[in-house]
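Quick notes on the structure that follows.
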Amino acid sequence: MMSNSQFVVIGIGQFGEAIARTLSEKGAEVLAIDKNQEKVDYIANEVAYAVALDSTDKKALLSQNIQNYDAVVIAIGEDFEELLLTAVNLIELDIKRIIVRAKGKVNRLILEKLGLKEIFSPEHAVGAVVAERLLNPSIVNFLDLPDGYVITELKAPKSVIGQTLQSIQLRESYNINLVTIKNEVKEKEGNKLVVKQHIKGVPRHNTIIDENDFLVVFGSSRDIQKFIDIND
C-alpha cells in the first residue's frame, strides 16, 4: 500500500461509504464529501475529514484544497447532472486522478467523451475493489477470499518483464501461485482500435513475462503486496 495516501470520496451513499471506509481501514487519509449533512455526520468518525458541501460548486471544492489529493472518487448515485457537473469541475481543476461511478451505458459513454478513463459501474465493482485499485494502481481486479487470501489480477511489475517464470520463482520466493497470464493487445474492430485481453495459455517454467502481461495470482494479500513492492 502507498504510505500517506490521500483521497477524496464525493457522494456518501452505499457505494461511496464502502470506498471511504475501506480506504480509511487501510491507513489512507480520506476526505468524505456529500451535500447531505446527515450522511456527513454518519461517516465523520470513520474518516479523517467529512464535509457537507455542493460538489457542483467549484469554489467550494477549492476551499478544501481538493487539488492536493492523490485521487478523487465521484460516487454520486442518483443525480447524473450533479455527477457530470462535479466531473467537469474536477477536470478543470486538473485533478491528478478521477474515478467515477456510472449507471448504464449512456452515462458511461458521456463520461468517456469527457476523457475520463476510470469508470466503474456498481454492478461490476464493489467499493472494496475500487478502494484496492486506488491504493495500488498495479492491481486491476481482485477477489477477496477468507483468511486473508485473494485472487488478484495485476500488471506485470517492471523488474519481472523479460524474465521467465522459472527465474521469478513466484512460489519459492513469494509463496504465490500463478493461475494464468493475460496479454493485452490492440485489435481492429470496425474503423477503430480496441484493447482486448487474451489468455496466453497454460504458463510453463520457460514462459517469458511481456510488458503488456497481466498476472492472475493466488496467495495471501500480504505476500502479493510484498511481490509488488519488491518488483515494481
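The alpha carbon centroids of the stretch 16-66 and the stretch 182-232 are separated by 34 Å. With helices as the sole contributors, the chain gives -9000 deg cm²/dmol at 222 nm; each DSSP H run of n ≥ 4 counts as -39500 (n - 2.57), and the sum is divided by every residue. Here's the list of lysines a cross-link from LYS35 could span, going by alpha-carbon distance under 29 Å and ignoring same-chain residues fewer than 8 apart: LYS26, LYS58, LYS59, LYS96, LYS103, LYS105, LYS113, LYS117. Compared with the alpha-carbon gap, the fully stretched path from LEU178 to LYS105 is longer by 22.9 nm at 0.36 nm per residue. Lysine pair count for the stretch 139-231 (Cα-Cα distance under 27 Å; residues 8 or more apart in sequence or on different chains): 22. For GluC sites (Glu not before Pro), the sites in the stretch 183-224 that DSSP calls loop and that have at most 16 other Cβ atoms within 10 Å are GLU211. The loop-placed GluC sites (Glu not before Pro) in the stretch 48-84, going by DSSP, that have at most 10 neighbouring Cβ atoms within 10 Å of their Cβ come out as GLU78. Mean-square fluctuation check for the chain, GNM, Cα pairs under 10 Å: which of LEU62, LEU154, LEU31 is largest? Highest fluctuation of the listed residues: LEU62. The magnitude of the dipole of the stretch 6-135, with charges of +1 and -1 set on the Cβ of Lys/Arg and Asp/Glu and taken from the Cα centre, is near 440 debye.
Sort the stretch 1-66 into rounded, prolate or oblate with this rule: let a ≥ b ≥ c be the square roots of the eigenvalues of the Cα gyration tensor; rounded if a/c is under 1.5, and if a/c is not under 1.5, prolate when a/b is larger than b/c, oblate otherwise. Since a/c reaches 1.5 but b/c is at least a/b, the shape of the stretch 1-66 is classed as oblate. Relative to the Cα centre, the charge distribution of the chain, modelled as +1 at Lys and Arg Cβ and -1 at Asp and Glu Cβ, gives a dipole magnitude of about 820 debye. Residue by residue, the stretch 156-171 carries 3J(HN,Hα) couplings of 4, x, 3, 6, 9, 5, x, 8, 8, 4, 5, 6, 6, 6, 4, 6 Hz when phi is fed to the Karplus relation 6.51 cos²θ - 1.76 cosθ + 1.60 (θ = phi - 60°); x denotes Gly or Pro.
Listed values for the stretch 25-31 are Karplus-derived 3J(HN,Hα) couplings in whole Hz (6.51 cos²θ - 1.76 cosθ + 1.60, θ = phi - 60°), namely 4, 8, x, 7, 8, 10, 9, and x replaces Gly and Pro. Given R0 = 25 Å, the distance between the Cβ atoms of LYS186 and ILE151 translates into a calculated FRET efficiency of 0.40.
None of the figures in this text is laboratory data; all of them are computed from the coordinates on show. Because the structure is predicted, anything quoted here is derived from the model rather than measured. Glycine also receives a Cβ, built like all others from the backbone with ideal geometry; neighbour counts cover every protein chain displayed.
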